[in-house]
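J.: Just passing along the structure, written as structure tokens.
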Amino acid sequence: MSIRDLPRRTVAALAAGALVVAGTVTGVVVAHQTNGDSHAQQAAERDHGDEGDGDSAEEREHERHNAAGEAGEESETLHTAFEQFRGARQLGLLTDPGVYSDAYDHWRAMPTSGGAWQEVTTAPYNSDAVPYRDPVSSNSGGGASFVTGRIVGLATDSAHHAIYAAGAQGGVFRSLNGGTNWVPISDQIVNLATGDLRVNPADGSLWYGTGEPNYGNELGRGIYRLAQPWLAGSRFTEGNRVGGEELESHWVGKIAFDATYAYAATSRGVYRFPLAKVADNSATWTDVLHPEPVQDSVTKNIANDIVVQPGTGYLVANLAYRSTLPYNGFYISKDQGNTWTKSKPLGAINPKEVGPSDMAYSADGSALYIVMESTVGFDTKNSALAGVYESPNGKPEGPWSQIADASKLANSGSALKTPGDHSYPVGVQAWYNRFIGVDPHDKNHVYVGLEEVFETHNAGTSWKTIGRYWDFGFPCQPSGTCDHDVLHSDQHSIAFDGTYVYAGNDGGLYRRTIAGDNGWTSLTADGSLRALQYYGIGVGTLNATNGGGVAVWGGMQDNGVSLLRPAAKDNGQQVSPMGGDGGMMIVNPDNGCEAVGEYTNLTLQLTRNCGESPADDPTIEQIAPGDPNGQFIAPFVADDNPAYTNKLWIAGGRYVWENTKTWASTAEDNGWTQAFDLTTGGGDPAASATALAARTFGTGGSAKHVEYAAWCGSCSSTTFNNGIATDVSGAWKQLPMKDSTGNRLPKRYISAVTIDPSDSTGKTVYVTFNSFSARYIQGYGSGMGHVWKSTDGGQTFTDVSGAPAATDSLPDVPASDLVIGPTGSMYLATDLGVYVHPAASAVGHWEKFGTALPTTISSDLTIHQDPNGTYLYDGTFGRGIWKVKL
């Protein structure tokens, strides 16, 4: 999620009196608007209502730049996003290892049906495509070039001319030609969530730590080692896992090596593994540092980084949460982790301020650098960065000198300090994006990654922003004469080889010479480094004028809304008509150029021409309903009956909204009316929709229209509550949430509601529950299945997930979506692939569906009649969009 990628209307909303946080308009924030208009309505009043007012080109450019969004807005939104994503899976409540082993063993034994999945989004994704520059909704022209999903892991091996990069949820890719082309090398393992990627310099082996450390987006299955990763046929398999189950349900922050051990900084402390035992895997990971003796909270014992001092072998580990906790600090071991001492840093570092940090030694061990988050006194208008520090003698105790703070970095050419309303500082989200790296050949040449990339050649005496947020706001941007010192924002990883420095961020992977004689080059230009993270997708048929075939749309984490048309239309590329974070999608199945995308929290945007917009000429309509409490990724759907798909939409936040104007909706008349308040009728005061379903049965005066709305209240806390409301009986009411014996349904996140089209009463409905459910979570809802069925309009439900011990039941993994195919078969998207309940099969019978689909998170399913047949499309949260013929 990046400030630079925010749609440009954000500051327009600020100007209209709305409070915006974290780069996205949150549901809570909408409730605090100073008037009743939605952010999209306010933006429309400014950006559409002023057409023809004689603004100069300079004024229009100033508005484009301002409307692009603010740094601090994003920081709070990231929390919202992560809380929703994590809360849906209840990862914070996993209590012991084994979850992935159990799920994988079950998955491996299941029956399989269906054909091979085909990857759809193989074309390069050009975020700067010229025809897609709507001044309100697009960020095309900002300079990010070709992008992919978040690159968390990054390593190089100059001896074998190899680069290794790993997506947040996409697994490991390898390039042997300088980043021109990439191949995935970890698709045979069960968990593709990335923590860290390191080459052991002693033997060139590649170590892959799973479980993403960005506050629990996805926990991992452990650490894997590939002995000769540079070989063309070399791939990770489950047999490459180092140790046993002891690192399951952890995330891996960093991996480090000395001559004797591999070390892992994890979400539950520091572990080590003897390198002598790697060959036969005859040892386990040993927990050698956990300052808090009892792991009863996900905030305890978080190890963010570990480094080994060259020359001495001393270990330095940073353990800290992003608020002030007693264990926060730097820990030193001089005996390979047998004993540890909490450092009392001398000099500029305040021990009471120590937060999550990244560390880097110079190659000779004579200097140690730290970039550190502050745990005190920051909000969206103040930096979360405590500072950048140097211990010039390399001693982890210091004395430490502060060589940069937010102000010093901002004054080095940062795009966050350009003319306009950029009042948020560098480092406002240092809790999320940080890296630090030292030139292997010059201990005074240091790189720092925050939202942008900064460089010093003199150990911090002076700095230069060498990786700007974007070109907007700079004089060169309108004329197209900017340098190439721009890359996608939100930096996560850094690596070096003899010539280049590499930076991994929310938009992929970029390269620059260490000598600094050129700008940044995107290494995703050929589309083969495919780590796109989709929340929602949609597909529609195109007429000949628009390229024929189909249009495939998708809303992504921090990379906007993508559009893929036949190669001849957009030069063989995917394009980005809408910037910022994308969400769910509605696409006209009969006209793929008509689409509605989401810029979080029900901030909806409509295009009727595939989003094509001449520069400075808005064509995308802002049609948000203005809900006060929409989820970060909020649901909105079209009527499931093909005869009514383009006649009725529904959307949900606190309210269920209906829209009968659909494709005729405009910013001036967005078409939405309130149908039901989910906080009423036995709901929860904090209720917010998580899943919706609508279907009309019959036609004309006898038509029966049915809607269901699932919600959660206090969605990510210990007071979690959920429910379902429906109008199936003619009037809206809350359902009792009971099974046939009177027991309460699981108190877990409801991710999908699906109406069975074969029951014309609308009373047969399926409810899909996310999160793990067996022994891995605490609280009510554990031990209960993922798919439940009602035949009486939701008065009672039956678990149809299957008996847990049966090989044809569903594995215990989070489930995200369920759709029913034209023959009655049901297809379920989960964190471990897609499953099918074949039509007329026994209750509880499920099969793995299709082959060749990577085992990343499957987020959203849709069925579309393509020219060559009926296809099931799967939008994954880490490996793009796939399809399989039904």
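The values are calculated or read from the model by the stated rules, or taken from the named source; none is laboratory data. Since the structure is predicted, the reported quantities are computational estimates derived from the model, not experimental observations. Here the Cβ is made from the backbone with ideal geometry for all residues, glycine too, and neighbour counts use every protein chain on show. Please note that ligands, DNA and RNA were not included when accessible areas were found on the heavy atoms of the full protein model with its side chains. Shrake-Rupley method; radii C 1.70, N 1.55, O 1.52, S 1.80 Å.
J.: Relative to the longest principal axis of the C-alpha atoms of the chain, give the angle of the C-alpha long axis of helix 99-109, reported between 0 and 90° and rounded to the nearest 10°.
T.: Tilt of helix 99-109: around 60 degrees.
J.: Along Cα→Cβ, 7 Å out, is where each label goes; now give me the distance between the ones at Ala116 and Asp203 in nm to one decimal.
T.: Label at Ala116, label at Asp203, 3.4 nm between them.
J.: If you don't mind, there's one more thing I want to ask. Beta carbons within 10 angstrom, averaged per residue: use that to sort the peptides 107-118, 166-177, 841-852, highest first.
T.: Ranking the peptides 107-118, 166-177, 841-852 by packing returns 166-177, 841-852, 107-118.
J.: So, R0 is 45 Å and r is the distance between the beta-carbons of Lys661 and Thr741; what FRET efficiency does that work out to, to 0.05?
T.: So the FRET efficiency works out to roughly 0.50.
J.: Can you spot the lysines whose alpha carbon is less than 20 Å from Lys417's alpha carbon? Ignore those fewer than 8 places along the same chain.
T.: Within the straight-line limit of under 20 Å, Lys417 reaches these lysines: Lys381, Lys408, Lys464.
J.: Applying 1/(1 + (r/R0)^6) with R0 = 56 Å to the Cβ-Cβ distance of Ala348 and Asp616, what FRET efficiency is obtained, to the nearest 0.05?
T.: 0.75
J.: Report the Rg/Rh value for the stretch 252-294, based on alpha-carbon coordinates and the Kirkwood definition of Rh.
T.: My calculation puts Rg/Rh at 1.00.
J.: Taking the Cβ-Cβ separation of Ala567 and Asp677 as r and a Förster radius of 60 Å, what is the calculated FRET efficiency to the nearest 0.05?
T.: 0.80
J.: Between the stretch 565-638 and the stretch 318-361, what is the separation of their alpha carbon centroids in Å?
T.: After rounding, the separation between the Cα centres reads 45 Å.
J.: What number, rounded to the nearest 500 deg cm²/dmol, is the helix-based mean residue ellipticity at 222 nm of the chain, given -39500 (n - 2.57) per DSSP H run of at least four residues and division by all its residues?
T.: -2000 deg cm²/dmol
J.: Which of these values of volume of the Cα convex hull per residue in Å³ was calculated from the structure shown: (1) 211; (2) 235; (3) 146?
T.: (3)
J.: If you restrict to DSSP beta bridges whose two residues both lie in the chain, what percentage is antiparallel, to the nearest 5?
T.: Antiparallel: roughly 95 percent of the beta bridges in the chain.
J.: Considering Cα pairs under 8 angstrom that are at least six residues apart, work out the relative contact order of the stretch 243-301 and quote it in whole percent.
T.: Here the relative contact order equals 29 percent.
J.: A further question on this structure: Quick one: Karplus J couplings for the stretch 451-467, per residue in order, coefficients 6.51, -1.76, 1.60, θ = phi - 60°, nearest Hz, x for Gly and Pro?
T.: 5, 10, 10, 10, 9, 10, 9, 9, 6, x, 4, 9, 10, 9, 6, 9, x
J.: Just the accessible area per residue of the chain, please: how many Å² with a 1.4 Å probe?
T.: I get 31 Å² per residue for this part.
J.: Take the Cα coordinates of the stretch 632-786, assign each an equal point scatterer, and use the Debye formula without solvent to give log10 I(q)/I(0) at q = 0.13, 0.19 Å⁻¹.
T.: Once normalised to I(0) and log-transformed, intensities are -0.61, -1.20.
J.: Which value, in Å² and to the nearest 10, is the accessible area of Lys733 when all protein chains are kept and the probe is 1.4 Å?
T.: 80
J.: Can I ask one more? Taking only the alpha-carbon positions of the stretch 617-706 and ignoring solvent, what does the Debye formula give for the base-10 log of I(q)/I(0) at q = 0.21 Å⁻¹?
T.: Treating every Cα as an identical point scatterer, log10 I(q)/I(0) equals -1.05.
J.: To check my understanding: the extent here is largest minus smallest coordinate of the Cα atoms along each principal axis. What are those three numbers for the stretch 164-235, in Å, largest first?
T.: Sorted largest first, the three principal extents are 33, 27, 20 Å.
J.: Which lysines, on any chain, are close to Lys885 with Cα under 27 Å apart, when same-chain ones fewer than 8 places away are left out?
T.: Counting by Cα, and skipping residues close in sequence, Lys885 has these lysines nearby: Lys569, Lys789, Lys848.
J.: What number results when the radius of gyration of the stretch 755-886, computed over Cα atoms, is divided by 2.2 N^0.38 Å?
T.: 1.05
J.: Relative contact order for the stretch 756-849: what is it in percent, counting Cα pairs under 8 Å that are at least 6 residues apart?
T.: 22
J.: Heavy atoms only, probe 1.4 Å: what % of the accessible area of the chain goes to carbon and sulfur, would you let me know?
T.: Roughly 50 percent, rounded to a whole number.
J.: Between Asn281 and Thr545, what length in nm is gained on full extension when 0.36 nm per residue of separation is reduced by their alpha carbon distance?
T.: Gain on extension, Asn281 to Thr545, equals 89.1 nm.
J.: Expressed as an acute angle from 0 to 90° and rounded to the nearest 10, what is the orientation of the C-alpha long axis of helix 72-89 relative to the principal long axis of the chain?
T.: Roughly 70 degrees, rounded to the nearest 10.
J.: Here's a follow-up. Starting at the first residue of the stretch 158-174, write each ³J(HN,Hα) from the Karplus equation 6.51 cos²θ - 1.76 cosθ + 1.60 with θ = phi - 60°, in whole Hz, x for Gly and Pro.
T.: Per residue, the Karplus-derived 3J(HN,Hα) values read 4, 4, 10, 6, 10, 10, 10, 9, 10, x, 3, 10, x, x, 9, 10, 10 Hz.
J.: Each residue of the stretch 754-767 in turn: what ³J(HN,Hα) in whole Hz from Karplus with 6.51, -1.76, 1.60 and θ = phi - 60°, glycine and Pro shown as x?
T.: The phi angles translate into 10, 8, 6, x, 7, 9, 5, 7, x, 8, 9, 9, 10, 10 Hz.
J.: In addition: Compute the convex hull volume of the Cα atoms of the stretch 534-600, divide it by the residue count, and report the result per residue in Å³ as a whole number.
T.: 64
J.: On to the next question. Which residues' amide hydrogens lie under 5 Å from the amide hydrogen of Ala162, considering only partners 5 or more residues apart or on another chain, with H built in the peptide plane?
T.: HN-HN under 5 Å from Ala162: Asp157.
J.: Additional query: Return the subset of Lys661/Lys704; Lys254/Lys344; Lys647/Lys747; Lys300/Lys344 for which the Cα-Cα distance in this structure is over 27 Å, preserving the input order.
T.: Lys647/Lys747
J.: If amide hydrogens are placed 1.01 Å from N in the peptide plane, which non-local residues have theirs closer than 5 Å to the one on Asn518?
T.: Amide H to amide H, under 5 Å and 5 or more residues apart or across chains, Asn518 pairs with Thr513.
J.: For the stretch 529-675, what is the Kirkwood estimate of the hydrodynamic radius, computed as the reciprocal of the mean inverse distance between distinct Cα atoms, to one decimal in Å?
T.: Kirkwood hydrodynamic radius for the stretch 529-675: 15.2 Å.
J.: Around Leu289, which amide H atoms from residues at least 5 apart in sequence, or from another chain, sit under 5 Å from its own amide H, with H modelled in the peptide plane?
T.: The list, which skips near neighbours in sequence, is Val270.
J.: OK, next. Calculate the spin-label point distance for Asn177 paired with Ser366, positioning each point 7 Å from the Cα along the beta-carbon direction, and give it in nanometres.
T.: It is 4.2 nm.
J.: Separate question: Suppose each label sits 7 Å from its Cα in the direction of the beta carbon; what would the Val843-Glu238 distance come out to in nanometres?
T.: Here the answer is 3.1 nm between the modelled labels.
J.: May I pose another question? Can you give me the Cα centroid spacing of the stretch 181-225 and the stretch 92-143 in angstrom?
T.: Result: 16 Å between the Cα centres.
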